[in-house]
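K.L.:
Below is one structure. I have some questions about it.
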Amino acid sequence: MRIASASHAAFAAVMIGLGVLGLIKRDFTMVWQPVPKGVPARDVLVYLCALVSIASGIGLLWRRTASLAARVLLAALVLWFLLWRVRALFVASLVEGTWSAGETMVMTAGAWVLFAWFATDWDRQRLGFAAGDKAMPIARVLYGLGLLPFGYAHFAYVERTAEMVPGWLPWHLFWAYFTGGTFIVAGLAVVFGVFGRLAAGLSALQMGMFALLVWVPIVAAGSLSDFQWGEVVSTLALTAAAWVVTDSYRGTPWFVVGTRSESRSEVALPESY
C-alpha cells in the first residue's frame, strides 16, 4: 500500500465507503444518482456501481493497481455523465439537472487528476490528452464548471439554504448568498486560470466547513433523515474530490493570473509517492 497524498487517501476511502453504502442500501449512492426507475436491469446497475466504487477505492491505495483503478473509475464516471447527466439537463428541472451534472463533474475531475498522477507510459502513449500533459488543465476546467451549479442552487433555493446556516451565526440570508457567490467565483477562477490554486483550495475548504458546521452537529444530535444522510455522504465525497483537485496545483504559486501550459513535472506524482 502506498499513499501519494492525504487527499488521495481521502478520495479512495470515500469511494470504498460509497460502495459499501450502496450494497447496504441496495440503491445508487450520490455519485451514481439519479437513474430513471424504468431503466432495464436497474438493480444490476446498483450492484455494479457499488462494486466499481469499492474496487476502484481499494485499487487506488495500491501502487501496482492505482493506474488501472483510476482509469476504470474515470471511464465509468465519464460514461455515466454521458448516459444520464446530459439527459437530465433536458428533462429535469434546471436546478436538479445542473446539480447532478455538477456533482458528477467534480467527482470526475478528482478521478481524472488521480489518473494523470498514476498514468503509466502505456496510458500516455495510447490515451493521449486523457493522461498526457494536457490532462490536468482539462480536469481543472471540469472541476470549475462543476462548481457553477452549486452556486446557482444557493440562489435558486436561497431561503432553504439560509435555513441550514447554524443558528449561532448571524445574517443567515447573507451567508446563503455569499457562499453561493463564492462557488460561482471559484468555478470561474479555476476555469480561466485566475488564482486557480487559491480558488480550488478555498472551494474545498468551504465544502469541508459546511460538513463541519452544518452536518456534524446534526449527526451528533442523531436527528438526520435518510435524505440528510445522503447529503452528508455527498458533501464528504465532493470535499475529497475538491481536495484532490487542489493538490493537483502543488508547486504552483497561489496567486498566478492567467493560464499556462503544464510541464511533465507538474503532472507527475507527489514526491511522497
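The values are calculated or read from the model by the stated rules, or taken from the named source; none is laboratory data. Predicted model, so just to flag it, every value in this text is computed and none were measured. Virtual Cβ from ideal backbone geometry, glycine too; neighbours counted across all protein chains shown. For the accessible areas, the whole protein counts, side chains as well, though only heavy atoms, and no ligand, DNA or RNA atoms are used. Shrake-Rupley method; radii C 1.70, N 1.55, O 1.52, S 1.80 Å.
K.L.:
What are the ³J(HN,Hα) values, in whole Hz, obtained from phi via the Karplus relation 6.51 cos²θ - 1.76 cosθ + 1.60 with θ = phi - 60°, for each residue of the range 69-83 in sequence order, with x given for Gly and Pro?
P.N.:
Karplus-based 3J(HN,Hα) across the range 69-83 equals 4, 5, 5, 5, 5, 4, 4, 5, 5, 5, 4, 4, 4, 5, 6 Hz.
K.L.:
Name the most mobile residue of ILE138, ILE24, ILE54, meaning the one with the largest mean-square fluctuation, in a Gaussian network model of the chain with Cα contacts below 10 Å.
P.N.:
For the chain, modelled as a Gaussian network with Cα springs under 10 Å, the answer is ILE24.
K.L.:
Given the -39500 (n - 2.57) contribution per DSSP H run of 4+ residues, what per-residue ellipticity at 222 nm results for the chain, rounded to the nearest 500 deg cm²/dmol?
P.N.:
-22500 deg cm²/dmol
K.L.:
Just the number, please: carbon plus sulfur as a percent of the accessible area of the range 36-183, 1.4 Å probe, no ligands or DNA/RNA counted.
P.N.:
Roughly 71 percent of what the probe reaches on the range 36-183 is carbon or sulfur.
K.L.:
Further question: When the dipole is taken about the Cα centre of the chain, and only Lys, Arg (+1) and Asp, Glu (-1) are charged at their Cβ, what size is it in debye, to the nearest 20?
P.N.:
620
K.L.:
If the label point is 7 Å along Cα→Cβ of TYR157, which residues in the range 75-116 have backbone nitrogen under 16 Å from it?
P.N.:
What the label zone holds, given the 16 Å backbone N cut-off, is 92-104.
K.L.:
Answer with one residue from ALA130, PHE195, GLN206: the one whose Cα lies farthest towards the positive end of the charge dipole of the range 108-220, charges on Cβ with Lys, Arg +1 and Asp, Glu -1.
P.N.:
Going by the charge dipole, the pick is ALA130.
K.L.:
List every residue whose amide H lies under 5 Å from the amide H of VAL194, counting only residues 5 or more places away in sequence or on a different chain, with H placed 1.01 Å from N in the peptide plane.
P.N.:
Long-range HN contacts for VAL194: GLY258.
K.L.:
Could you tell me which of rounded, prolate or oblate describes the range 23-148, using a ≥ b ≥ c as the square roots of the eigenvalues of the alpha-carbon gyration tensor, with rounded for a/c under 1.5 and, failing that, prolate when a/b is larger than b/c and oblate otherwise?
P.N.:
Oblate, since a/c reaches 1.5 and b/c is not below a/b.
K.L.:
Could you give the length gained by full extension between VAL257 and ARG2, i.e. 0.36 nm per residue of separation minus their alpha carbon distance, to one decimal place? Walk me through the numbers on the way to the answer.
P.N.:
On the way: separation 255, 0.36 × 255 = 91.80 nm, distance 3.41 nm.
Taking VAL257 through ARG2 to full extension adds about 88.4 nm, to one decimal.
K.L.:
A further question on this structure: Once you have a ≥ b ≥ c as the square roots of the Cα gyration tensor eigenvalues for the chain, tell me rounded if a/c is under 1.5, and otherwise prolate or oblate according to whether a/b is larger than b/c.
P.N.:
Oblate, since a/c reaches 1.5 and b/c is not below a/b.
K.L.:
A further question on this structure: Between SER225 and TRP168, what length in nm is gained on full extension when 0.36 nm per residue of separation is reduced by their alpha carbon distance?
P.N.:
Working: separation 57, 0.36 × 57 = 20.52 nm, distance 2.22 nm.
The SER225-TRP168 span can extend by a further 18.3 nm.
K.L.:
How would you order 229-239, 149-159, 35-45 from highest to lowest mean count of nearby Cβ atoms within 10 Å?
P.N.:
Ranking, from highest mean packing down: 229-239, 149-159, 35-45.
K.L.:
Students often check this: by mean Cβ neighbours within 10 Å, which of 170-176, 63-69, 5-11, 112-118 ranks highest, and how do the rest follow?
P.N.:
Per-residue mean Cβ counts within 10 Å order the peptides as 112-118, 5-11, 63-69, 170-176.
K.L.:
Let me ask something additional. When the chain is fully extended, how far beyond the present Cα-Cα distance does LEU23 get from VAL39, taking 0.36 nm per residue of separation?
P.N.:
Between LEU23 and VAL39, full extension yields an extra 3.9 nm.
K.L.:
While we're here: Whole number in Å², please: accessible area per residue of the chain, 1.4 Å probe, ligands, DNA and RNA not counted.
P.N.:
49
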